[in-house]
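Nothing in this text is a laboratory measurement; each read-out follows from the coordinates by a stated rule. Nothing here was measured: the structure is a model prediction, and the numbers come from that model. Glycine gets a Cβ as well: all are built from the backbone with ideal geometry, and neighbour counts include every protein chain shown.
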């Protein structure tokens, strides 16, 4: 039976250049987190969603932003996830910069869920895109995902309030932290996963104020050049 | 962040490198930008060539570090755009020159 450790070794063991222990540990933890029940989606559903994100990123004939894969007959049969979740996976993977507040509101209606269940999908799409981007840069395969762990979603959400700086609700008090930080407050376990990955792939949150920061070979300004180029190519205003 | 981190070491960056041109006055900036371009385009041959050039210039560990940053901002852009993240008004005003230089206000993601 494939384990998260096997998964990471299978993928990143083929790399031509060294992978830091921090990234290995963070991505191993991510594999374990994906296959585990979340707050609103089961392990099988989370695996299916990540697979849909990766399939969208691999799509050599991508759909335009305004065409949902369910409307184009591209959602496979026999799935655990509802079709609107596949549409969300595709939009966040391929056309995230075109998302609007109206699209978000329609997505909640189509999914028939409360905002925290949508936020969990955003966290999954974002982290799946991170692993995809890293693997592609290293010219290795993405980690294969093990079978789902048993169990049901816990359906627990912290107290949430509307925010000015995000569409999604956040923990009170709203808008006291950066919008990209408070964005995933609704799903604490996935929030922790994202910031563990960010600390490994980029820098720890508490070092963000240090503009002269350097952990390995690359200085902060070199990392910021990479960040700026990626963000511009993704047409991400933020 | 690019401007602030470059200013921190008294080596002001040329932000035009973010558009894919030049080295931005950042050490090995040209190799880093080429590596990002190749990775985002998904061209395996170009990725391998860019890896080799970056490793030769900056050291083998630079490839893994740069790939990790690419992954990180593939993640952060989805979080920002999927949750409608906005800047506070004061921060937006402070970015006026960058918004003009790169035409950021024309992005659908401008909120």
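Summary of values
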read-out	value
Chain A: calculated mean residue ellipticity at 222 nm from DSSP helix runs of at least 4, using -39500 (n - 2.57)	-16000 deg cm²/dmol
Stokes-Einstein diffusion coefficient of the range B:15-66, Kirkwood radius over Cα pairs, 4 °C, 1.567 mPa s, in µm²/s	120 µm²/s
Gaussian network model of chain A, springs between alpha carbon atoms under 10 Å - residue of A:173, A:82, A:115 with greatest fluctuation	A:173
Candidates A:183, A:105, A:117: whichever shows maximal mean-square fluctuation once chain A is modelled as a Gaussian network with Cα springs under 10 Å	A:105
Pairwise FRET efficiency - residue A:212 versus residue A:70, Cβ, R0 = 51 Å, nearest 0.05	0.55
Residue-averaged beta-carbon neighbours from other chains (10 angstrom radius) around A:94-107	3
Separation in nanometres of the label points that stand 7 Å from Cα toward Cβ, at residue A:36 and residue B:46	3.9 nm
Average beta-carbon neighbours from other chains, 10 Å sphere, peptide B:3-13	5
Angstrom value of the Kirkwood radius, inverse mean 1/r, which spans all Cα pairs in the range A:159-206	11.1 Å
Sorted by Cβ neighbour density within 10 Å, fewest at the top, the residues B:108, A:31, A:122	B:108, A:31, A:122
Modelled label reach - residue A:149, point 7 Å along Cα→Cβ, the range A:1-16 residues with backbone N closer than 19 Å	A:1-9
Globularity index of the range A:111-238, i.e. its alpha-carbon radius of gyration over 2.2 N^0.38 Å	1.19
Of every Cα-Cα pair in the range A:67-110, the percent that sits beyond 15 Å	40 percent
Label point distance in nm, residue A:205-residue A:192, each placed 7 Å from Cα along Cα→Cβ	1.2 nm
As computed over the protein assembly as shown, the Cα convex hull volume per residue (Å³)	127 Å³
Per-residue Cβ neighbour rank within 10 angstrom, fewest leading, A:196, A:98	A:98, A:196
Fewest-first sequence of A:95, B:21, A:27 by Cβ atoms within 10 Å of each Cβ	B:21, A:95, A:27
Residue among B:66, B:91, B:38 with the largest mean-square fluctuation in a Gaussian network model of chain B, springs linking Cα atoms under 10 Å	B:91
Length-normalised contact order for the range A:79-210 - Cα pairs under 8 Å, 6+ apart - percent	20 percent
